[in-house]
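Take a look at the structure set out below.
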Amino acid sequence: MSDCVFCRIVAGQIPSTRVHEDEHTLAFMDLGQVNPGHVLVAVKKHAANLFELEVAQAEAIARATVKISNALKKAFEPEGLSVYQANGKAAGQTVFHYHVHLLPRHAGDGMELTWPVKNPPAKNWKATRRKSARNSARKAPNRRPSCSAPKSRRARGCGFARRGARS
Ligand SMILES: [Zn+2]
């Protein structure tokens, strides 16, 4: 028997309130409801974190996240919805089986996430962006255009470019 609590939930060895299930994902109500409607979307096949996900798992998680979020919006009518996912103890992960929190939000609900901005010099993050783009291109040669794509392709291929264009 696995000692991973989410593997045991997937296997039905631990009871859960299931709200969605497909080939790769299982979604169930979090036992610790921060707000009503707090759902966890987990992969069925064990992956400790984002870095261990297979592409098919990542795609299924994205689809399930959107589908369940829309269902939560209708059912609970929250003012907002937070999508939270942590990788590694330093990032706040406590159950080391990949999962995403879908958390309906309301003004003043007490849920907080602090952003202790460090403001590194611009030359540091530009170098990090170049290194990240090189590593991504090496690992996934057939993926969509990245931030390093020619300017004409950036608008449809890169969130950073789109965000910059709006501001
Ligand atoms: Zn597991």
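The values are calculated or read from the model by the stated rules, or taken from the named source; none is laboratory data. Model, not experiment: these values are computed from the prediction. Glycine gets a Cβ as well: all are built from the backbone with ideal geometry, and neighbour counts include every protein chain shown.
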(message) Looking only at the stretch 1-24, count every residue that is β-branched (Val, Ile, Thr) and touching a strand residue (DSSP E or B) at 6+ places or on another chain (Cβ under 6 Å) and tell me the total.
(response) 3
(request) Please find, among Ala91, Ala71, Ala75, Ala56, the residue that is within 15 Å of Val43 (Cα to Cα) and small (Gly, Ala, Ser). (result) Ala56
(message) When the residues of the stretch 88-103 are narrowed to those that are surrounded by 17 or more Cβ atoms within 10 Å (Cβ to Cβ) and in a strand (DSSP E or B), which ends up farthest from the ligand (Cβ to nearest atom)?
(response) Leu103
(message) Go through the stretch 76-87 and report how many residues are more than 14 Å from Ala27 (Cα to Cα) and surrounded by fewer than 13 Cβ atoms within 10 Å (Cβ to Cβ).
(response) 3
(message) Given the criteria modelled with pLDDT of 80 or more and exposed (fewer than 10 other Cβ atoms within 10 Å of the Cβ), does Asn119 qualify?
(response) yes
